[in-house]
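Colleague: Please see the structure below; I have some questions.
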Amino acid sequence: MQQVFESWYVRYEAAVAELGLSVNGLKVLIVLHDEGSTTQTQLVQRMGIDKSTMVSIVDELEDSGFVERRRATNDRRTVPIHVTAAGEVAAERAAKVTDDSNNLVFAGFTADERTEFTWYLARLADAMIETEDEQDEE
């Protein structure tokens with residue numbers, strides 16, 4: 001499984017880099033694109049990414065022109081992050097890159113096989129999260 005993942009990831013990372021994004025930057029951009037503007041603190045909580053890592057990711061996205069920080073008018077201490085027009089375009093292109101990448105992984109699978117395999121992957125992910133939660137409780 002690791003070999004399959006690594007092979008896919010290398011290709012995916014290169015395709016995402018062509019958009020001017022890192023994979024982590026893409027994840028944050030997609031959340032902002034899909035859920036709307038939010039603060040770095042809320043992103044950290046939502047995504048489970050370390051605060052200092054999140055600062056670096058948002059800096060990267062801002063330097064690339066994909067997001068901008070705008071101080072809130074009702075509370076100057078709050079600085080929501082907003083997707084720019086360039087970020088909207090990048091998010092839409094990234095969705096196509098992700099679809100293309102997933103289609104490459106599932107080449108040769110029937111629609112039913114793809115659905116079944118995806119279901120098993122989701123089940124595996126749920127089991128891993130449950131195991132992590134149980135370990136955290138100990």
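Colleague: Just for the stretch 78-94: of the residues that are in contact (Cβ under 8 Å) with a residue 12 or more places away in the chain and either among the hydrophobic types (A, V, I, L, M, F, W, C) or in the same structural domain as ARG114 (by TED's automatic domain parsing) (or both), which one is nearest to GLU6 (Cα to Cα)?
Modeller: Of everything passing the filter in the stretch 78-94, ALA94 is nearest to GLU6 (Cα to Cα).
Colleague: May I pose another question? Going through ILE49, ILE57 one at a time, which residue ends up being under 19 Å from ALA90 (Cα atoms) and surrounded by 12 or more Cβ atoms within 10 Å (Cβ to Cβ)? Steps first, answer last, please.
Modeller: Values: ILE49 fails: under 19 Å from ALA90 (Cα atoms).
On inspection, the qualifying residue turns out to be ILE57.
Colleague: If we scan the stretch 8-27, do we find a residue that is hydroxyl-bearing (Ser, Thr, Tyr) and within 12 Å of the chain's Cα centre (by Cα)? Walk me through how you get there before you give the answer.
Modeller: We begin by selecting, within the stretch 8-27, every residue hydroxyl-bearing (Ser, Thr, Tyr); these are 9, 12, 22.
Add one more test, that the residue is within 12 Å of the chain's Cα centre (by Cα), and what stays is 22.
Yes: the stretch 8-27 contains one or more residues that are hydroxyl-bearing (Ser, Thr, Tyr) and within 12 Å of the chain's Cα centre (by Cα).
Colleague: Looking at the stretch 3-23, I want the residues that are among the small types (Gly, Ala, Ser) and have a partner that is not in a helix (DSSP H, G or I) with Cβ atoms under 8 Å, at least 6 apart or on another chain. Which pairs are those?
Modeller: From the stretch 3-23, the pairs are GLY20/SER64; GLY20/PHE66.
Colleague: Say whether the condition of being polar (S, T, N, Q), modelled with pLDDT under 90 and not in a helix (DSSP H, G or I) is met by at least one residue in the stretch 17-26.
Modeller: Going residue by residue through the stretch 17-26, those that are polar (S, T, N, Q) are 22, 24.
Those left that are additionally modelled with pLDDT under 90: none.
No, every residue in the stretch 17-26 fails to be polar (S, T, N, Q), modelled with pLDDT under 90 and not in a helix (DSSP H, G or I).
Colleague: With respect to the numbered conditions (1) charged (D, E, K, R); (2) surrounded by 14 or more Cβ atoms within 10 Å (Cβ to Cβ); (3) touching a residue at least 60 places away in the same chain (Cβ under 8 Å); (4) closer than 24 Å to GLN2 by Cα, which one is the sole condition not fulfilled by ASP100?
Modeller: Going through (1) charged (D, E, K, R); (2) surrounded by 14 or more Cβ atoms within 10 Å (Cβ to Cβ); (3) touching a residue at least 60 places away in the same chain (Cβ under 8 Å); (4) closer than 24 Å to GLN2 by Cα one by one, ASP100 breaks only (2).
Colleague: Among the listed residues SER56, SER37, SER64, which satisfies the condition of being touching a Pro at 6+ places or on another chain (Cβ under 6 Å) and over 23 Å from PHE106 (Cα atoms)? Spell out the reasoning first.
Modeller: On the way: SER56 fails: touching a Pro at 6+ places or on another chain (Cβ under 6 Å); SER64 fails: touching a Pro at 6+ places or on another chain (Cβ under 6 Å).
The unique qualifying residue is SER37.
Colleague: Would you check if there is a residue in the stretch 8-30 being in contact with a Lys or Arg (Cβ under 7 Å, 6 or more places away or on another chain), buried (at least 18 other Cβ atoms within 10 Å of the Cβ) and either more than 22 Å from PHE106 (Cα to Cα) or among the aliphatic types (A, V, I, L, M) (or both)? Give the derivation first.
Modeller: To start, the set of residues in the stretch 8-30 that are in contact with a Lys or Arg (Cβ under 7 Å, 6 or more places away or on another chain) comprises 19.
With the extra rule that they be buried (at least 18 other Cβ atoms within 10 Å of the Cβ), the set shrinks to 19.
Restricting the remaining residues to those that are either more than 22 Å from PHE106 (Cα to Cα) or among the aliphatic types (A, V, I, L, M) (or both) gives 19.
Yes, the stretch 8-30 has at least one match.
Colleague: Then there is this: Testing GLU130 on (1) in a helix (DSSP H, G or I); (2) surrounded by fewer than 10 Cβ atoms within 10 Å (Cβ to Cβ); (3) among the acidic types (Asp, Glu), one condition comes back false. Which one is that?
Modeller: Exception for GLU130: condition (2).
The values are calculated or read from the model by the stated rules, or taken from the named source; none is laboratory data. None of the values given here were measured: they were computed from a predicted structure. A quick note on method: Cβ atoms are made from the backbone with ideal geometry, for glycine too, and the neighbour counts reach across all protein chains shown.
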